[in-house]
Structures are given as structure tokens and as C-alpha cells.
Amino acid sequence: MKWHWSKRVLALVVVLLFVGIAGDAAFSQEKVIKIGTLFPLTGPVALAGQRCKAAVETAVEVINNSYPDIKVPLAAQEGILGGYKIVLVHADHQGKPDIGKTEAERLFDQEGVYAIIGSYNSAVTKPASLVAERRKKLFMCGCSSSAELTKRGMKYFFRMAPTDETESQEFVTFVKWLNETKGADLKTFGVIYENTEFGKHAAEEAKKAIEAAGFQYVADVAFNPGATNLNSEVQMLKGKNPDVVFGACLGADYILWVRTMKQLAWLPKVCLNYCSGYQDPIIAQQLGPDGDYFMGTTGYSPELAELMPAVAPVEEIYKTKIDPPVPFDSDSIQEAVATFVLAQAIDKAGTLDPDKVAETLYANEWESPLSLGGKVAFAPGGQNIKAMSVVTQLKDGEYRRVFPPELANSDPIFPIPSWDKR
Amino acid sequence: MALLEVRGLTMKFGSLLANHDISFDVEEGSITGLIGPNGAGKTTLFNCISGAYKPTAGKVLFAGSDITGWPPYRVARLGAVRTFQVVRPLNDMSVFDNVLVGAFLRERDLTSALDVAECSLRFCHLEDYRDKLAGNLTIGLKKRLELARALATQPKLLMLDEVMAGLSGAELKEAMELLKEIKAQGVTLLVVEHVMEALMPIADKVVVLDGGVKIAEGPPREIVESERVIAAYLGEKFSRRLKELKT
Amino acid sequence: MADPILKVTDVCAGYGGVPVLHGISLEVCEGELVAIVGANGAGKTTTMRTIAGLMRPTRGSVEFYEEDVTGLPAHVMVKKGLTYVPEGRRLFQKLSVRENLELGAFTERNRDVIEERLARVYDLFPILKERSDQKAETMSGGEQQMLAIARGLMSAPKLILLDELSLGLQPSLVERVLRAVTEIRRFNVTVLMVEQRVLEALEIADRGYVIQSGRVVMSGPSGQLLNSEEVKRAYLGI
Amino acid sequence: MRHRQSGFGLGCTIFGILAILPLIPGPLQGPFAKHVLVMVLLFASMSQAWNLLGGYCGQVSFGHSVFFGIGAYGAGMAVVKYGLTPWPGALLGAIIASIVSLVISYPCFRLKGHYFAIATFAIVEIFNRLFMVWYWVGGALGLDYPIIEEGWRNFMWYETKTPYYYGAFALFVLVFSTARWIERHRIGYYMRAVRDGQEAAESLGVNSPQVKLTAMAISAFLAALCGAFFVQYNLRVDPPMVMSLDMSMRFVLITILGGLGTLWGPLLGAAVLIPLQEYTRAIWGGLGGGVDLIIFGLLIIVIVIRQPRGLMGFVSWVVGHRARARGRG
Amino acid sequence: MTLFLQIALDGILNGMLYAIVALGLTLIWGVMDVINFAHGEFLMIAMYVSYWLGFLMNIDPLVSWVASSVFVFLLAFVTYKLMVSHLVGKPALSALLATFGLSMFLKNLCLNRFSPNFKLLPVTVLSGKTIPVGSLILSLPQLVIAVFSLAVIFIVYRFIASTRMGWAIQATAMDKEAAELMGIDTEKIYGLVFGLGGACVGIAGGLLPTYMPVHPEVGSLFGLIAFICVAMGGFGSITGSLFASLLVGLVEAFAGFYIAPIFKYVAVFALYLVIVMLKPKGLFGW
């Protein structure tokens, strides 16, 4: 019979449904704190979401078990609050704000999570954190970069990463520094960005920072993410020929962008990237020499490990959580930081009362060996005021620190050598 | 007085002249036959009258109004309704609903439309099929459905395009009776037909087209004997048989 | 009478669960011209489609040259030597006359054989040779019907089924098309045809079957049928 | 007139059951279950709005997320930009959506079949991309609701779902009553006639462009109301959320799955598809491998192959089967 | 002037890429009247095949496109047998929905199996190579794809127009039942055409990893653009889809540069609307 296969599939699905429901109820009732994660595990930015999820899992692994060798708070002890273990409940928001909100509600109301860590896309973090705020529950945000998020005066929202605002200012400071100390004569700026919540925000902050510093903002190139080609975008940049380009292109678009610049034989003198494709070590590896000499901010990369010795053993655990194994990148590590800081705060507050924990979070400065500055502290609104990043430059597939000078281990190479001179 | 007047109607498709300067009248209360070889331009002429095509030149007057180039629905609203040679039942609707759509043209109100539809259904002997999907009917029934649907609009002029094709013997007789009854109710008929033995006995007048031109017009008896029509259309054998039939 | 080459036994079939045929049985012998006549919706075309393999019978069997071919798909039937010229011609309108004819000989791969068949078909219908490069859609109704028959002949069938050849044709053309049917017997083909013009069909046929509501109600030599009072009353309108 | 009235009792029963559903103690009381119910009603309404044009009138549009989006932006702009209640925004959005639908469909209705469908694809993409750069309405950044007073005035609740449920229920009643009214009136018959054969319909005096435009305007109006509800429910709107091919596909999917051109098809489709989607995501979404979407995709394939005429076809088969069995017994 | 020519050149090269993607779609559409929503995903699968062959076995895409093409041919054939064959002749939308489900399935299956990572072959024979032509720059990978595209379109066109099998395909497209009566096994033809459609997009997908990263979402936009090209050209017309693809490529390039990059696809979609308003059956449709 020709329907047999479809019947089989149907039966399989039904069985899976039941297994899934049964598995759901299997949590034991012991001393656990349920924490939800909310990341884009499918859809266009699934890659980042899955890495963030693995980072949170890593942090929980370290917190729940005893790792005396790891020099991170809570590693040595088992659990927090005298034996409470953290249990994670994962949810997928597919990069869609409506699903993010729904899943946040489900995590709180149905799964009864204590707090949520998430959720990468700023566009999703906004409505999802609103859900937490109304319920007076904590929302720990690792790496969503929209400056807007922490300007809403929320009480239960905390964000670890630097915002695109601070990144933009850092870029401009860096360029000024180049002009002053290296005699670079960089005047004109351009921005290329994907036209999404993330890209548009970054571009707006970039424009503000560039104009505030008295530079010329000559090229504003927005494109639709997931493009089949970026020829006209690069052609546009080439036409305006800015000295400095800020880039906010994620993943595949970043690869395509770099490749297209090579194809059209054009480069700016300096190219700085927001947390985007640039930071992905796998992309750096795949681009090979073509990816060299580009710069960007990084909150973490393996080359920064010498500044942050505590990361290495944690990273070993992280690598077991993700396939293929990759080191932390600056987005995912922020999610681990968020997890640690939350656990530390609960432990310190000695209670699970979210109000107390939130107070504690604001009142203290937290040890955070996984953060670049080693410290985390929050301003009203929830922004981590100790968030730092360094400007790095890719050379031979390695991220070299070039700015600020006190953290640098190498001189920036600029202008970028043109394609035919490599 | 003529209900429908066609004046110098010409229709061109690119360089193809489908109808050339055709004029004729359809008297109120009559049955007018329209015959001609395949490709003579009968269906094109129908399309020009019913508004599916806008004629290149010439005029169509219906009940005193110049309806040249009107869209089909306006022509229908004025009272000239057609059927199609290639039947076009509303496949996914029931037989009754098909007829109901026609009935709504004059009856805006559901209750009275239901009555009209019911009436027209019974008139065409389709009541056994009322809840069947129109798409599932046989060709013959579909033709009858087209007729019922057109009747439900309560037309002044009914234009039938080969409704009797595929019928044989007793069925033809039945169909002829039906057309006569329709005429008796005061509806004027313009009928395109190949089945001469059915058309000739009931038609008051026959118009013959060939190659897009009108070659003859007159009562059936004359037409059957016209050499020109025999050569172009009927063929010797049929004209002989038709003459036998008449006598 | 010789052994029948086509033997249809008690075939039932229908569309979407609605039965149309209620046990049709008929036989066709080598070299015969057999006509199936009957009223509209009696199941003539359904019978043809079922024999040709376009429909599967729900009951009964079809034997062709003593082989059970019940339910075999149409393209297999063509290879076995049974070709169906469907109602409404169904030409490939956008292709030329010649391409239509060549497609008719799709099952034959030998170029020479195809050329030979083309020549014979052109011989039978000279008009097709004149128009061989014209698109099928540009031809008149009668010519299209010729082409449909010719296309059916191109597969060199042993038995050809002709369905409603005269439908929608002007009277003079009906005459010509039916004459063509008698002529194709020169090809040594056996013919089974369906016709609603009962009189004309029976005039050229050897034998006839009368079908009514999915059943065979009468059969016999055509002369006999023509003289039957019942046939006269019901189908000839006399 | 017996057979014209059939189904009226069924309709009342369904409305009645849905009205008391949130009051029944049991598994439906959970907030997530309620969320699923709200989504079922919303998407049933939305799909019905689509069905009016796509199912009854036969104009398969993949562009309805545009109207859905315009409604969403109407409410969103009223609240976020002008600090009003969403009500005038929703109404204005619905009116604008109707007008926009007329403007774009007037030329598009000349296209037939796939050409029309692809044209609506193009329209969604154009609107999506234009809204992405139209900063007056928030552009790519979208509109985020401030925290304001809960209640019917602002049509906004932060924790309870019950009022949302009744809001969706009201919408549902409105849309389905409209559909039923249309189904039993001249315009409904004319819509189906145009679907089944435009030429035949015109020969019977049906002004088919007018019928199609009417269907489109009603459909767009109702779609926009659904969009307004959607934004009030999610408290954020940006173009990919509401004006995307994905969103349009959901309406089409639900309707076809339930039964194209049937009154209860959209409800049936939504009642099957939405819980499936929400629960597969809730159960397997967290695994991260897209398992929920793999299963969802497979299920769509299986259902479509088994029931190309939709679940309503299956239901009527079962009902017919039982009736026949009873007749025999 | 150079700039203008360069943009035109880029547009044409991209257009040729769209043309080969659209070719498979127009074949399937023209012959079977089935909308294959999973066409973009076929492209993605082909890219993965090419990527994995390059990554694991060091086979250059210049060679491995054969494997991609064969693989997608088989995939499409199986899709036809298991799924589409049940839907031919059923309401037109059901095939669309089933293939929509398939696209969701394939996309997420790849996500599940291969992770959402962007995968790019770092070094291939073609990647990153350019040929200067006067003051213009020709990108070698795109040029190679364009050449392949032309060749494949030409071969397919000849195949359809002047082989026995091609005639059988045309006959099946025009009238399935009549074709069966000619002794044509239409089931086989449908399977073949669906497979062939897959094979065409398989070639494109096989060559794309020379410059484009592979990830589960890569096919979506290509699929959409292919729809536009096919409809713009007139369904089922091979020459139509070729011309439409070139037009789309050019409009995309010029609008992207002279209006704004963000509007390049808006321009493409608007172009489609304008063209079908003027010619409701597309450029070459009948």
C-alpha cells in the first residue's frame, strides 16, 4: 500500500510527542533552581544561539559541580545556596519577537523558571524582558547589544556586554588615536550594516559617534541580510571610498562582504567591525588570508586568554558542549558571565527572593574572571558599567590586540594592504 | 420589432478576420438558428454579442440599447444571457447552487431566488441531481445545467451555443420540446447548432456563416435547399436527409 | 466467426466511487468494424477508457489477444497494439502536424519504420502532408479530427478505438470523417468506435452494440440493429 | 429552506463551547494552554479572513500579511507614537488596509492563477522591505510598547490571558459570523461563482471585478483587525514579525489544511496546526536542533498527501460514512 | 563608464546564476504544473554535498558539481515518488503546501545534522580569482557559473526541443492523458522532469561554494528570486526564464547602486509587477 510510509511517520511522531511530554515531567523535586534559556536555536542566527546556549550550559556545569582547579567564583563548591543545583530549561525563539515573548511567558508560567538568560537578538530581548519585568523576575542578558535595552529604567534586567554605543565610541577613539600617534590621516567614514534591529542600531550609534568627533560620515550602506550577493553594496562603498569602514554584518553576509571586496579589488584604510562575523573564529579560519587585517572589538577570543587565565579550563568544558568544538567567542562568553553573576548574586543574597537578588546585584561589584575587565557592576537600568572590549586585528588567523595600548600586544597594521599586495 | 440587431459587425484578431461585416436581426419571441462550418466565426460572433470580445467595428443593439463592447455582466443584466460551447459549470458548487447564482441576477433576496432556482431546475428536469457537485455530472447533464442556469436569470434573449451536441434520438426530441417550451414562455432564442435535424424543425429563421461572412439568411426550408449552404456546410447527403425529414 | 481479439467481460467502472458501468461485455474480432451506440451518459466513453487503460475497472476483465490486460496503464496498452483516439481529439496543439504524428509512433524507435508509416498516413490523408509543418491548433475541426485518427494509426495498432469522431463537426465533415474510418481498414486494423450519430455509425459498421445506463441492451449485425423498432424509436428519432 | 439553514445549530454550539472554554477547570487552565487557545482563535479568525478571498473567491493571495501588518502598525502607532488607546488605531489600520488592498489588487486581479500568487509574493516582499526603512513607523527597529495601564481601555494585560482570550473570541465571532453571513447571501454565491469560473459567472450577470474587490476589501479589513490584536498581544511590532511571507504562509497553510472555502475549515486547521506548532516547539524547541520544525514539516507533508482537500474533507467523509452505516443498519 | 559597465557585468553574472536556478523550477512548473517550494532547499543541499566533498575528500567543486547534481537528481526523484506523485492533478495548492513542508523539513534537517555553522571551502581552484578585462574585473567563480548556466540551458533546451524524450516531455506537459495514449509513460516522464529540475539546480549548488558560504537558510532567497524569474519569463518558457533572470540580475545591480542597496530586491519585485501588468502572462508566456 502506498500510504504505509506516511502512516509510519505519523505513528513515529505520535510516539515522540508522548515521549517528549513524559520526559518533560521527569524533573525531580529536590533542591533545584530552574533557570530558563531563551536563544534563537533555529532560523538565520541559529549558530549564535546554539553557542550561547552551550555557554550557559557550561557555566551551570561549573556551578553545580565542584571544580577546585577552576579559578572562577562558585566553581569550587557544589551548587549554590547550600546545595541548590541549577537546572536549565531551554527554549527556542527562532529569532522572532512574538515567539520570544510567548516562550518567555511559558518559561515563567508553565515551567516555573526562576530567571531567564537570553536572548541574543535585541529585538527579542525587548519584549521578552518586559515579560520578566512585569512578573518581577530576573532577566539576565549576556550579549544583546542595543543600547536601548538598558535605557528603559527596568529593575530586573541586567546586561553584561558593552553596547553598540560604547563600541562605536571606542572605534572613534581608536581612529583618533591612530591619527594622533601614527600620523594616519583618516577623515571619512562609512558604515555597512544589515538592515535589522541590530544593524540599524549599530549604524545609528556609529553615526552619532562619528559626527560627535567631527569626522565626515560619507557612506551609509544598508543591505538585507541573507543576500545572494553584495556587489552593489561594495560598489557603493567603493564609489564613496571612505577611509574607515564600520561593519555590522553577521555570518554568511560577512564572508560574502569580504569576498566581494576582494573581487572588486577595493579596501578601506581601516575596517572595524561590531560583534559580528568578524569575531567568529570559524569564519576567520574559513576566510583564511582574506580575513586578515580586518579589525573589530572583541570581548573575548582565545588570543585574549593570556589576559584572562581563568577562561581556559572553562573553555575546555564549553568545547564538549558544542559540536564542532570551538572556543568561546565574545557573545557566548557573555552568556556564561550572565549565568555566573546571577548565581553569585543568589548565593550572596542568601535567598531566592528576586527583589533581594536584584538589590544585591546592584549593590555589589562582582568578580568575573570571564569578563575582560575581570569585574561586573551594574548601573541603574541594568547596564554592566565594567564592560570592556579591546580592538583586535586579525593577522594570520589570530586576533591580535591593538587597542587600547595598555592591553595591546601588537601594533595595528594600517592601512590594510591592498588585495594584490598580500 | 427586433430584440437584437447586429449591424456590420467585424472582428479581427491580428490579421485574422474572424467576422466580417455581419448584420442580422433576431425578432422578439422567435428562435433564430446560427449555423456554419467549424471556424466560420459563430462562437466569435457570440462572444462579440455577449461582451466577451469587443468588436473591431460594427454595432450590437439589444432591446434598443447600444451594447457594443459592454462587459458580459452588463449585457447579462440587460437580459441577454448565453451558454458556452465548451461547458463551464461552476465545478465545486452543487447543481442547485449553480442555478441559484443565475437566479440572483433578478432576485436579490435569497428566498425568492431559491424559488426561481427551484423552478428552473424542475423545468430542465435536473431535480434529481440538485445536491450533486456540478463537476461530477456527465457532459449531457452539464449542458442541461448550463441551460437551467441561464434560464434562472429570467432572460429576454437566450443564446445557446451547441447545447444539443452529443445528444441522440429521443434525447434530441426532448431537447427540442424544451426549447419550444422556453420560446412559449416569451423568451427569444439565438441558437448555434450542428445538429440540423434538431434545429431545422424548430427554427423560425436560420443565419448561415462561412469564413466569417454571412452567406445566407432565411427560413429553414430555403436554407436547406440553398446550393451555397449545401456546398459549404451541409453536404449532399445531409441536405437530402433533411429534406426527407421535413416531408 | 473468428476468435475475438478483444474480449471484455462483465466490466464495472466508475468515477470517484460513482459507478457508471454495470457489467459490460463485448467482443471484437479481427478485421471487424464494430460500433458502440447509445444515449448520452450511457457509458460509451467510459467503456472505451476502461479498455484503453485510462481507468481501472472495479470488476470484470479485459482480454486482448487472449492475454489478460485488465488494469494495465494506457502506455502499455499502446505497446501491445491497442490505440485509443479520445473524444475531443486531444491533439498537442502547440506542436506541428508532423510532430503530432511522430509522437503517435512514440513506441517505435526505428526511423525507417516511422517514415514508412508516415508515408502511408499521408497517403490516406493527403491534406496532412500539405499541412505537415503547420501547428495543430491552426487546423480546422475536420482536419484536426483526421490528424487525431492519423496519429492513432501511427502506432500501427492492431485495434484502434475511435471515440465520438463526429462530435462538434459540421454535417458535411461528419460525412468525410466517417468515410475516412472505412478507409483505414485498408491498414488491416480492427476498429471499435463510439458514435452518437447512430444512423451514420451503423451504416458503416459490421456489428453494433447498444449501451444503455452502463449495460449492453442489444447487439448484433448493424443491418439488424438498424431495422430494429426499438433502435429506430430510441436512437434514430424516427 | 431547510438545507439553507443547516449548520446554524452547529455554529451556535461551537460559539457556546468556545465561550465557556476558559472557565472549565482542568488542563486548559494553564497559562500556556490559554496562550495556545488565544493563538488558535486568532489564527482561525485570520485564516477565515484569508479564506473569504482565497477560499470562497478563489484568489490565492500570499499577501495577506501586508494587511495583517497594516492593522498591527495601526494599533502600534496609536499606542507607541501617539500615546492613544489602540482602538482608533486598529480601526484606522483596518480602513487603511482595505484601501491599500483595493489599490494593489485592482491591477493585480487582471492576473490569473500563479501569476497572481507570485505578484502577491512580490507585494509582501516590497512592503516588508519598505517598512524596514520607513523610520516614521520604526523601521527595522520596530515599535516597542511602553509599560502602561492594563485593561480593556488599552487592550493590554501583562499576566492574565483570559481577557485576551475573550478579545480573540470576540474577533472570532465577528469574523466567523461575517463569513457565515456572506456564505448564505448573494455576494457569497457570487464569490464562489467567480472562483469556479469567471467567464461563466460574468455570463450570468456577475460583475466579477467588483465581487473580487469586495471580497478583498472585507478580507483585508478583518485581517487588519487580527493584526491589531496580534500586536496588542505581543506588545511589539516590526516588519519581519507581521509582514512576512512566513506569516502569510501560515494563513494559507491553516486554511488549506482545514478545508479551503469551507466555513469551519479555518477553525479546524488552526485547532490542529497551532497546538501542534506550539507544543512541538515547547517540547523539542529547547533541544535546539530544529527537531520541532522537522516534525512539523513532515506532518504537513503527510497531512497534505493524505487529505489534499483538507481536514474538512476527512470530517465530511467520516460523517457521511457514519450516516451511510446508519442507513444500512 | 567603467563603473557602469562593471555594474552591468556583475548584474549579468548574477543573472546567469539565477537563470540556472530558475531553469529547474520552470521545467517542473511547465511540465507538471506543480510549484516546488523546496527548490531553494534543493540548492542548499547541493551546496552541502559540494562542501562536504571538498571538505572531507578534497574534491574541488569544479569536479564535484557532478556529484551534487546527481545527488539532487536522486533526491528530487525520490521526492517525486514519495510525495509529489500523490499530488499531481490534485488541487494546485496542495503540492505547494507539501513542498513548503518539505522545505521546512530539509532546512531544519540540515540545521540538525550539519549545525547552523556557515561553511565555506577555504581554498578551491576558483575561489577569489579574478580576471581583469581592461578596466573591468571579472570574478572567476561567477564567470564559471555563468558559463555552466548557459551551457546547461542550451543543452536542456535542445533536449526538450529535438529529442524523442524531449517531445515526450512536451506532449506530457500539454496533455497528460493524450501522451499516455501515445505510449508515453507519463509517470516516468514526471519523475524524470522533477529529477532533471533538481539536477539543474544541483549544478548551480555544486559550484556555488566556490565563493558563497553554505548554511541552512542559504536557499530561501534564491528560491524566491527563482519564482520571480520563472513567472516573469512566463511559466514553462525556458527562454523566458533566461531573459527574466538576466533582467532581474541587471535591475538588482543597477537599483542596488543607483538607488540604494536596501532597495535592490524591492526594485526586482516591482519590476515583476510592472511586467505582468503589461504582459499578464509574463515575457514569453502564452
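Report yes if A:Val244 is closer than 21 Å to E:Leu17 by Cβ and at pLDDT 90 or above, otherwise no. Steps first, answer last, please.
On the way: closer than 21 Å to E:Leu17 by Cβ: no; at pLDDT 90 or above: yes.
No; evaluated as a whole, the condition is false for this residue.
Taking (1) open to solvent by 10 Å² or more (accessible area, probe 1.4 Å); (2) more than 14 Å from chain E (Cβ to nearest Cβ); (3) touching a helix residue (DSSP H, G or I) at 6+ places or on another chain (Cβ under 9 Å) in turn, C:Ser96 satisfies each apart from (2). Of all residues in segment E:4-58, count the ones that are free of Cβ contacts under 8 Å to residues at least 12 places away in the same chain and in a helix (DSSP H, G or I). Residues flagged as free of Cβ contacts under 8 Å to residues at least 12 places away in the same chain and in a helix (DSSP H, G or I) within segment E:4-58 amount to 4. Taking first residues from segment C:169-182 that are among the β-branched types (Val, Ile, Thr) and partners that are not in a helix (DSSP H, G or I), the Cβ contacts under 6 Å between residues at least 6 apart in sequence or on separate chains come to C:Val174/C:Ser166; C:Val177/C:Leu165. Residue count for segment E:233-279, restricted to those that are within 11 Å of another protein chain (Cβ to nearest Cβ) and among the small types (Gly, Ala, Ser): 9.
For segment D:235-310, list the helices (runs of 4 or more DSSP H) that sit wholly inside it and hold at least 2 residues that are β-branched (Val, Ile, Thr); which are they? Outline the logic, then answer.
Working: elements: D:239-242, D:245-258, D:265-284, D:291-306.
Counting at least 2 such residues, we get D:245-258, D:265-284, D:291-306.
The residues of segment D:132-160 that are within 10 Å of chain A (Cβ to nearest Cβ), more than 26 Å from the chain's Cα centre (by Cα) and surrounded by fewer than 14 Cβ atoms within 10 Å (Cβ to Cβ), listed by number, are D:Tyr135, D:Pro146. Of the set (1) open to solvent by 10 Å² or more (accessible area, probe 1.4 Å); (2) within 16 Å of the chain's Cα centre (by Cα); (3) under 30 Å from B:Gly8 (Cα atoms), all apply to B:Glu193 but (1). Pairs are defined by a Cβ separation below 9 Å, a sequence spacing of at least 6 or placement on different chains, a first member in segment B:85-107 that is more than 7 Å from chain D (Cβ to nearest Cβ) and assigned to a helix (DSSP H, G or I), and a second member that is acidic (Asp, Glu) and buried (at least 24 other Cβ atoms within 10 Å of the Cβ); the pairs so defined are B:Asn98/B:Glu146. Listed by first and then second residue, the pairs linking a residue in segment A:256-268 that is more than 7 Å from chain E (Cβ to nearest Cβ) to a residue that is open to solvent by 10 Å² or more (accessible area, probe 1.4 Å) and of a type in the set (Asp, Glu), with Cβ atoms under 7 Å apart and 6 or more places separating them unless they lie on different chains, are A:Val258/A:Asp290; A:Pro268/A:Asp243.
Residues are listed down the side, and each one gets a yes or a no for (1) more than 16 Å from the chain's Cα centre (by Cα); (2) at the interface with another protein chain (Cβ under 9 Å from one of its Cβ atoms):
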residue	(1), (2)
B:Arg122	yes, no
B:Asp128	yes, no
B:Leu151	no, no
B:Glu162	no, yes
B:Leu172	no, yes
B:Glu181	no, no
B:Thr188	no, no
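Could you please let me know if A:Pro415 is over 20 Å from the mean Cα position of the chain (by Cα) and outside the structural domain of A:Lys137 (by TED's automatic domain parsing)? Step through it out loud before you land on a result.
Working: over 20 Å from the mean Cα position of the chain (by Cα): yes; outside the structural domain of A:Lys137 (by TED's automatic domain parsing): yes.
So A:Pro415 passes the test.
Screening segment D:1-115 for helices (runs of 4 or more DSSP H) wholly inside it with 1 or more residues that are open to solvent by 40 Å² or more (accessible area, probe 1.4 Å) returns the ranges D:2-5, D:8-20, D:31-51, D:86-108.
If you check A:Pro404, A:Pro380 for being surrounded by fewer than 22 Cβ atoms within 10 Å (Cβ to Cβ) and modelled with pLDDT under 90, only one passes: A:Pro404.
All but one of (1) over 20 Å from A:Ala363 (Cβ atoms); (2) within 8 Å of chain D (Cβ to nearest Cβ); (3) open to solvent by 10 Å² or more (accessible area, probe 1.4 Å) hold for A:Glu133; which doesn't? Of everything listed in (1) over 20 Å from A:Ala363 (Cβ atoms); (2) within 8 Å of chain D (Cβ to nearest Cβ); (3) open to solvent by 10 Å² or more (accessible area, probe 1.4 Å), A:Glu133 misses just condition (1). Screening B:Gly79, B:Gly39 for residues that are open to solvent by less than 10 Å² (accessible area, probe 1.4 Å) and on the phi > 0 side of the Ramachandran plot leaves exactly one candidate, B:Gly79. A search for C-beta distances below 6 Å between a residue of segment B:38-55 that is among the charged types (D, E, K, R) and any residue that is open to solvent by 10 Å² or more (accessible area, probe 1.4 Å), counting only pairs 6+ apart in sequence or on different chains, returns B:Lys54/B:Gly69. Scanning segment E:128-144 for residues that are under 21 Å from the mean Cα position of the chain (by Cα) and in contact (Cβ under 8 Å) with a residue 24 or more places away in the chain yields E:Ser139, E:Pro141, E:Gln142, E:Leu143, E:Val144. Restricting attention to segment D:98-140, the residues that are closer than 30 Å to A:Lys200 by Cα and among the hydrophobic types (A, V, I, L, M, F, W, C) total 18. Cβ separations smaller than 7 Å between residues 6+ apart or across chains give the following pairs from segment B:72-84 residues that are more than 7 Å from every other protein chain (Cβ to nearest Cβ) to residues that are polar (S, T, N, Q) and surrounded by 21 or more Cβ atoms within 10 Å (Cβ to Cβ): B:Val75/B:Ser50; B:Ala80/B:Ser50. Close contacts from segment B:2-17, counting a first residue that is open to solvent by 70 Å² or more (accessible area, probe 1.4 Å) and a second that is of a type in the set (D, E, K, R), with Cβ to Cβ under 6 Å and a gap of 6+ residues or different chains, come to B:Arg7/B:Lys59.
Going by the structure shown, is D:Leu273 open to solvent by less than 20 Å² (accessible area, probe 1.4 Å), closer than 28 Å to D:Phe314 by Cα, within 17 Å of the chain's Cα centre (by Cα) and facing another protein chain (nearest Cβ under 9 Å)?
Judged against the criteria, D:Leu273 is not a match.
Whether any residue in segment B:134-154 is at pLDDT 90 or above, more than 25 Å from B:Met196 (Cα to Cα), open to solvent by 10 Å² or more (accessible area, probe 1.4 Å) and of a type outside the set (A, V, I, L, M, F, W, C) is what I want to check. Yes.
Kindly establish whether A:Phe174 is open to solvent by less than 10 Å² (accessible area, probe 1.4 Å), out of contact with any Gly (no Cβ under 7 Å at 6 or more places or on another chain) and in contact (Cβ under 8 Å) with a residue 60 or more places away in the chain.
yes
Segment C:127-238 holds helices (runs of 4 or more DSSP H) entirely within its bounds, and those carrying 2 or more residues that are within 12 Å of another protein chain (Cβ to nearest Cβ) and surrounded by fewer than 24 Cβ atoms within 10 Å (Cβ to Cβ) map to C:141-153, C:171-183, C:198-204, C:229-235. Within segment A:113-127, residues that are more than 11 Å from every other protein chain (Cβ to nearest Cβ) sit with their Cβ atoms under 8 Å from residues that are open to solvent by 10 Å² or more (accessible area, probe 1.4 Å) and in a strand (DSSP E or B), at 6+ positions apart or across chains, in these pairs: A:Val113/A:Lys34; A:Val113/A:Val89; A:Tyr114/A:Lys34. Could we say that A:Lys200 is away from chain D (no Cβ under 14 Å) and touching a Phe, Trp or Tyr at 6+ places or on another chain (Cβ under 8 Å) here? Taking the combined requirement at face value, the residue does not satisfy it.
The values are calculated or read from the model by the stated rules, or taken from the named source; none is laboratory data. This structure is a prediction, so every number in the text was calculated from the model and none was measured. Note: ideal-geometry Cβ built from the backbone for every residue, glycine included; neighbour counts use all protein chains shown. SASA here: full protein model, heavy atoms, side chains in, ligands and nucleic acids out. Shrake-Rupley method; radii C 1.70, N 1.55, O 1.52, S 1.80 Å.
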